[in-house]
Amino acid sequence: MTLEELAGEQQAMGRMEAPGSALEEVLSKALTQRSVTVGVYEAAKLLNVDPDNVVLCLLAADDEDDRDVALQIHFTLIQAFCCENDINILRVSNPGRLAELLLLGASGGAEQPADLHCVLVTNPHASQWKDPALSQLICFCQESRYKDQWVPVINLPER
């Protein structure tokens, strides 16, 4: 491996970690502002009622969930709806870490909600561009779309 390849690999890893850290920050802020909707059914209801207020859709599934046909159909429908309504979509590759973030922030880690496969972040205020972490995620989504990757995958950093 040449020095240039090593530098390029480290830069790519930094790019992958930066969106993960930004996502953590966005989720922690959204939890404090009570602007997080968790669950496929609850997300579908919110998307039907108020899609203009949704700024980010997270889809989380592990290897076992990838074999769940019903869940994959739900994901496909949610992705289509989000694309049609210009809602940024991210796929989270480690749903266990996402559950940790949502549960620790929401209920102190007491009980686990039944469905953490779909998470929507809404924008309670018109200040989405003032949040640098959200702006970074939106830019990441746009860059991914330019590369024909419509649903980019993010790996949340372990703690």
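Summary table below
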{"read-out": "Identity of the residue in segment 46-69, in contact with a Pro (Cβ under 9 Å, 6 or more places away or on another chain) and open to solvent by 20 Å² or more (accessible area, probe 1.4 Å), that ends up nearest to PHE81 (Cα to Cα)", "value": "ASN53"}
{"read-out": "Filter result for ASP52 (of a type in the set (Asp, Glu), modelled with pLDDT of 90 or more and not in a helix (DSSP H, G or I))", "value": "no"}
{"read-out": "Segment 103-134: number of residues that are more than 19 Å from PRO51 (Cα to Cα) and either among the small types (Gly, Ala, Ser) or modelled with pLDDT of 90 or more (or both)", "value": "8"}
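The values are calculated or read from the model by the stated rules, or taken from the named source; none is laboratory data. Not measured: the values here are computed from a predicted model. Note: ideal-geometry Cβ built from the backbone for every residue, glycine included; neighbour counts use all protein chains shown. Only protein heavy atoms, including side chains, enter the accessible area calculation; ligands, DNA and RNA are left aside. Shrake-Rupley method; radii C 1.70, N 1.55, O 1.52, S 1.80 Å.
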